[in-house]
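Some notes on the structure that comes next.
Bear in mind these aren't lab numbers, they're just calculated from the coordinates by the rules spelled out. Worth saying up front: this structure is predicted, and the values here are computed from it rather than measured.
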């Protein structure tokens with residue numbers, strides 16, 4: 001159990017997650033990556049996977065550590081990232097956020113997401129459940145782990161996931 005001074009409150013969690021959404025929608029990826037710890041992970045299981053699926057035994061669309069995520073950010077910022085240049089217009093919405101618990105690894109927050117992407121006259125939507133592990137480092141609250149479980153059986157008609165959820 002975390003000490004009360006290191007536990008993250010629901011209000012702090014909401015502020016951080018809403019800031020993350022704002023930075024992603026503005027394509028401020030260099031600022032966005034600073035919201036994460038050095039030992040971060042970002043996971044997106046394949047559609048239809050059970051909530052307890054592990055990247056060690058199942059196929060995940062995204063299984064990034066800090067190094068991979070920094071490379072993803074670099075690629076998305078380049079003009080040669082054809083799938084996202086020019087950038088899509090996105091709207092990240094998070095709801096039903098609640099603190100699910102505190103442990104030695106941080107504060108666990110559960111919620112739902114709805115991300116809309118508009119590009120080339122096509123609107124795609126991604127929905128699902130998000131799980132965060134938040135950690136207090138000094139005066140800052142940072143994201144240590146983020147997992148987005150898509151609430152769809154397949155990426156149809158989207159066909160691909162080229163944005164950060």
Taking Cα centroids, how far is region 92-116 from region 123-159 in Å?
9
Measure nothing but the geometry: give the 0 to 90° angle between the long axis through the Cα atoms of 10-25 and the longest principal axis through the Cα atoms of the chain, rounded to 10°.
20
For the chain, what is the mean residue ellipticity at 222 nm derived from helices alone (per DSSP H run of n ≥ 4: -39500 (n - 2.57); sum divided by total residues; nearest 500 deg cm²/dmol)?
-6000 deg cm²/dmol
Normalized C-alpha radius of gyration of region 10-150, against 2.2 N^0.38 Å?
1.04
Taking the chain as a Gaussian network, where each spring joins two C-alpha atoms under 10 Å apart, which residue of 128, 106, 138 fluctuates the most?
138
Taking the chain and dividing mean pair separation by its residue count, relative contact order in percent (alpha carbons under 8 Å, at least six apart)
27
Helix 66-77 vs. the chain, principal-axis angle (Cα, 0 to 90°, nearest 10)
40
